[in-house]
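The values are calculated or read from the model by the stated rules, or taken from the named source; none is laboratory data. Since we're looking at a predicted model, the values are computed, not measured. Here Cβ is always computed from backbone atoms with ideal geometry, including for glycine, and neighbour counts include all displayed protein chains.
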Amino acid sequence: MKVYDIFSKRQKRLRGEFPDVYQYVDIPQPLRVQIFYILNDVIAAPIDLHFMKGFSEIYSRLYREYGKLQQAIVGKDIINLFLFNTQVTEHILDFIELSFQLIDTTYRRSITVNENFSKITADEAIAELNFRFREHGVGYQYESGKMIRVDSQIIHTEAVKPVLHLLSDTRFQGANEEFLKAHEHYRHGRYKECLVECLKAFESTMKTIFDSQGWSYQSTDTAKKLIDICFQNNLIPAYLQTQFTSLRSNLESGIPTIRNKNAGHGQGSQLITIPQHFAAYQLHMTASTILFLLEAERTLP
């Protein structure tokens, strides 16, 4: 990862000038330039025409979704268009997400064939991208093929990121997709939909564990019934069940209740508004609970 702790950075840290609170409104010009450098390092010289074709496909896909007519541009001009001539933050994030998906999949598979076409690996490119976002105090990270919003770096590092890693196991494909959908809804301000996907991911995780362990359940079982099965089968060891009484209470009254009261039923005559901080709490609680269940399964005999 090409990051250098230069003198001016050290002085900024001493003066307390690096942001310690994330913002989500703007992608600063220096950050855009640094992302350009990362992409340029991946493409390098001689230019990988197959890789550049991927950017043309990204351009076509996005302009089709935006309902905009394409211009006669190709190659690196596409990168310049999105990074330097686009003002809508979410559109820039769309481009970054699809570009790094390309790096994370197609480029990663072809790296052994086209070693000389690049100065950095896929992992190095993704690591630098995430570092640059943190460095500029912009609250987004590329994880598991998606740009996700980060509210707390501590929570993201200790709960969200480990959960995404563990859910990447093919057994948990459904839960992983639902958890990523929850993040996607959250990023776009669709907080009710975020709560619904959180509950789905929570329930899917439990059902997948039950399938792996051969524990019986009904496909229609609610979260409460699924939680009961967790305790009945000692997913939490018997000698810890007394100490985890409060955990059971949190599991039963936390994720399912928040979703049920706010997103799971009809609104009636009065519209229900889910505040952003409430959806953030739900996301983080879901991540922590799923992480606990996955780690608990690892301890089973």
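In the stretch 115-127, the condition of being among the aromatic types (Phe, Trp, Tyr), crowded, with 18+ Cβ neighbours inside 10 Å and at pLDDT 80 or above is met by no residue. Screening the stretch 130-245 for helices (runs of 4 or more DSSP H) wholly inside it with 2 or more residues that are crowded, with 18+ Cβ neighbours inside 10 Å and touching a Phe, Trp or Tyr at 6+ places or on another chain (Cβ under 6 Å) returns the ranges 191-213.
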